[in-house]
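Heads up, the thing below is written out as structure tokens.
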Amino acid sequence: MPDRRRLDDQEAARRRRAWLEDRRRWNRDLVVVLLRYAPEVDVARALDQLPAAELQRLARLLAQATDLHQVARRIAADLRQHLDGQPAGPPPDQPGPPAATPTHP
């Protein structure tokens with residue numbers, strides 16, 4: 001049976017921070033998986049529902065956290081594939097996609 005004693009303010013604040021951090025981590029992991037594996041049309045539809053300020057903030061955070069040269073190489077490989085009709089595959093310095101889908105317990 002759980003302890004029904006009243007928590008002091010410090011313990012309540014610590015538990016709240018831990019719970020919020022767990023939720024943040026879960027939501028972050030879910031977003032990463034969905035952005036990677038959800039159909040592009042579904043991702044676009046979800047992003048269209050974000051207010052402009054949130055979308056701008058997300059774009060800025062992603063740009064800051066991303067190696068934009070790597071993104072440019074992938075775009076160039078995709079364009080090459082589209083124009084040449086040849087499979088592009090991952091850029092030479094990048095591994096292919098993982099075989100298994102990440103999960104969260």
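Summed over segment 87-105, the residues that are at pLDDT 55 or above and surrounded by 10 or more Cβ atoms within 10 Å (Cβ to Cβ) give a count of 2.
When the residues of segment 55-85 are narrowed to those that are polar (S, T, N, Q) and open to solvent by 100 Å² or more (accessible area, probe 1.4 Å), which ends up nearest to V32 (Cα to Cα)? Going through the qualifying residues, I end up with Q64.
Is it the case that segment 3-16 has a residue that's modelled with pLDDT of 90 or more and closer than 27 Å to L55 by Cβ? Scanning segment 3-16 turns up no residue that is modelled with pLDDT of 90 or more and closer than 27 Å to L55 by Cβ.
The values are calculated or read from the model by the stated rules, or taken from the named source; none is laboratory data. Since we're looking at a predicted model, the values are computed, not measured. When we count neighbours, we look across all protein chains shown, and the Cβ atoms used for this are built from the backbone with ideal geometry, even at glycine. In case anyone asks, the SASA skips ligands and DNA or RNA and just uses the protein heavy atoms, side chains included. Shrake-Rupley method; radii C 1.70, N 1.55, O 1.52, S 1.80 Å.
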